[in-house]
Structures are given as C-alpha cells and as structure tokens.
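As structure tokens, the structure follows; a few thoughts come after it.
Each reported figure results from applying straightforward, stated rules to the coordinates on display, with no laboratory input. Since the model is a prediction, treat every value here as computed from it, not as a measurement. Every residue, glycine as well, gets a Cβ built from its backbone with ideal geometry; the counts of neighbours run over all protein chains shown.
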Amino acid sequence: MTITKIKLRNFKCFQDQTFDFDSKIVFIEGQNGSGKTSILEALYFACYLKSFRLCSSRDLVHFEENHFFIGIDFASQQSDFTNQIAVGFKDGKKVVRLNQQEIRSYKEIVELYSIISVVEDDLLLVKGYPDVRRLFLDQALFFDSYDFVNKLKQYKQVLDNRNAVLKSSSMPNLDILKVWTRQLWELSIVIQKNRMTYLNLLEQKVNEYLKKYFNETFFINFEYKSKIKIGSDFDTFWDLYLKSKYQEETRFSRSVIGAHLDDFIIHYHGNAARFFASRGQQKLILFLIKISQGLILADKGKQNIAFLLDDFLTDLDQIVLSKCFFMITELDFQFFLTCPIKSFSDFQDIFQKDYQFTPQIIKI
C-alpha cells in the first residue's frame, strides 16, 4: 500500500492544495519557504496527530484561519480498494476519520501505516543528550509492542510515587521507600531488557546494510548504559543502594536510579560518534539507524512504511549520496524527500542511468 494523494486545506502555507503521488520515491522541489517541509509535516501529522517540529497544532493553521484539514489516500497493490485518512483541527480539537469512521487513537492509524522521519533535529539522536536516545528507543518499541507502552506508564507512576516519598522528608520511611524501590527495580529490568534486545537487532541491521551498500569494513556498535545492572538480585541491589545512592537521593529529593536515566552510546570506528564522527558521518549513521528501524518493522510484518527525508542530502559527498539513492531504490518502502538544492532534476539522470528507476519530482 502506498500514499497516492494528499489534500491540504488551511494547513500552514497551503489554503487549498492537492498533490498526487505516483512513485515510491517522490522528490519535492521548491524555493525556501515554498512549503516543501509542510507537505512532509502534514504526512507526519496524519499518522501521529502531532508535528515532528516542536509546535502546537494551532501553529499549523493557515494565517487568519481557525482550522485545517489533511486528507490522505492509500492505494493497495492487491486490490482497487483505497483507504482514506482525514484529519481535521478546529477550535483546539482534532477529529480523525479512517474510511469515514471516526477513530479515537492514533494507534488505529499506525496499524495501517507508519511514518519514519529523518529531519535535522533527528541528528540529536547521535550527538544530543540521553533523553533523546531513550525517547527514540521507547517510540521504536511502541511499534513493536503496545504492552511496552503499558510498562512505561506503570514505571512513570512508580517513579512519581517514589519521588513523592523522597520529597516527603529528609529522612523518608525506609520500609515505604523499599517497596517503591523494588517496583522501580523490577520495571527497570523489564524496560532495559526490551531496549537492549531492540538495540541488538538495530545494530545487526545497521551493520548489514553498511557493509552491503557502503563496503565498509568497520562496525557501528551500540553500548547500553544502565543505572541498574541487570543480573543482580534486589536484596543485593538494595544493600548497594543504601551505601552508594541513598544519601544522594535524600539530598536531591528525587530518584537518581532507574531506566529513566539510562542511555546508549553509538560507537563509530571504535569511538563515540557524538564526538568523533563528522557531520556527514553522523548523517549517514542516522540514515542507517532510521532505515534499520523500518527494516525491523517490516521483518515483524509491518507492510506500509513511508520515510520523510527533509533536507537530508546536505553534508553528504557525491559518492555516499549515490549509494544512499541506490539503497532506497531497492528497499520496499515509500520515500518523500526535500532538499534546498537548486533542482532535483540534476539527479533524475542518475536514477534513470544507474538505477533504471524514474522518481517523481513535484515542483512547488
């Protein structure tokens, strides 16, 4: 199933515009401020009901209007049936319909199709702070298992209760603290195991495609860093906690242990990519991570996956860029790409000559 059409009404710079898509690779070409990124933003919003930028839904409404509408059509390769998603926003409320039936959760949408974005801010996955990498892992695992989301919710409740105990007194009741610490420890173990399993899969995919398309002899490694070590029993952990962390927590009145503080390090050429990889290398690592995320979803039966690459082509040399293009022609995903370069037409000959593939180019 592929996205064949998007209709935008009062969405950002578009008052009433329809775009038809007839290829699995779509280049969106235009001057800065023409609305290239807004098309990608609309595709993303229709899946997750939020923007990939840090803005509210009201910020997406066209100037001097109070509502917007996004309509997306999907065509199935197996039949003539077309799925339709319609998203409306007015007076601070969202209304979402799938095939004219109102739905209550974006879970129903992601079961139909998934969007994976590759935008400038995503580089924070490589060079940013731990909270960005934790969020990436937890969102990736959401697609894999809705049960994991429930575990995260349970963890948040336990963490809040435990912090409340720590804030209640400079000398909190140890029996009560121990009860909440045990629950935090147990849930942290579950969350960590899920994250580490996913990271292992991701590392295998990244290196498989790094070798296949880029002929590299080195590996990219992910090293999970946890505050609670898997394998220790709780009583042993509790004794260690009292000796090494209890005073710190009572001083700061918050939890300094748990899965909410974990991180993972991306190693490139044996060094931390955050510090030692160039900007172009960081973009390649990000690209491979995101592609691998889609491949893992596909291995688990997810069929309708679209990638949004916004201004991704900058900072990549011609050789790496050509290999990235070759990869996306072979992958069974749909791609939407924007870039501030003068014209995508320059690449059309490359696709036709080297890859025997003609992408669609939309000029705005």
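Structure notes:
- Helix-only [θ]222 nm of the chain, DSSP H runs n ≥ 4, -39500 (n - 2.57) each, per residue, nearest 500: -14500 deg cm²/dmol
- Positive dipole terminus of the chain, leading residue within Val87, Val132, Leu187 (C-beta point charges): Leu187
- Relative contact order, percent, the chain [alpha-carbon distance under 8 Å, six or more residues apart]: 25 percent
- Options [x] 67, 54, 38; [y] 76, 47, 39; [z] 53, 52, 43 - which one matches Cα extents along the principal axes in Å as calculated here: [x]
- Region 288-339 and region 89-156 have their alpha-carbon centroids 19 Å apart.
- Two-site FRET efficiency, Ile319 against Phe234, from Cβ-Cβ distance with R₀ of 45 Å, rounded to 0.05: 0.30
- Reachable lysines from Lys156, criterion Cα separation under 24 angstrom, eight or more residues apart if same chain: Lys50, Lys107, Lys167, Lys178, Lys193, Lys225, Lys227, Lys229, Lys245
- Gained length - Ser170 relative to Val132, 0.36 nm times residue gap less alpha-carbon distance: 10.5 nm
- Listed by chain and number, the aspartates and glutamates whose alpha-carbon sits under 19 Å from that of Lys7, ignoring those within fewer than 8 places in the same chain, are Asp16, Asp20, Asp22, Glu29, Glu41, Asp59, Glu65, Asp73, Glu102.
- Highest to lowest packing among 118-127, 92-101, 164-173, scored as the average C-beta count within 10 Å: 118-127, 164-173, 92-101
- Computed on region 203-282, with alpha-carbon pairs under 8 angstrom and 6+ residues apart, the relative contact order is 38 percent.
- Highest GNM mean-square fluctuation among Ile265, Ile189, Ile103, for the chain modelled with Cα contacts below 10 Å: Ile103.
- Paramagnetic label reach from Lys107 (point 7 Å along Cα→Cβ; backbone nitrogen cut-off under 15 Å): within region 145-162, residues 145-154.
- FRET efficiency, Val190 to Cys13 (Cβ-Cβ, R0 45 Å, nearest 0.05): 0.50
- Of all the options Gln139, Gln15, Gln247, the one that moves most in a Gaussian network model of the chain with Cα springs shorter than 10 angstrom is Gln247.
- With 0.36 nm allotted per residue and the present C-alpha distance subtracted, the Val256-Lys94 stretch has 54.5 nm of extension available.
- Region 159-236: chymotrypsin sites (Phe, Trp or Tyr not before Pro) falling in loop per DSSP and having at most 13 other Cβ within 10 Å: Phe218
- When the convex hull of its Cα atoms is viewed from all sides, region 130-268 shows a mean projected area of 9.3 nm².
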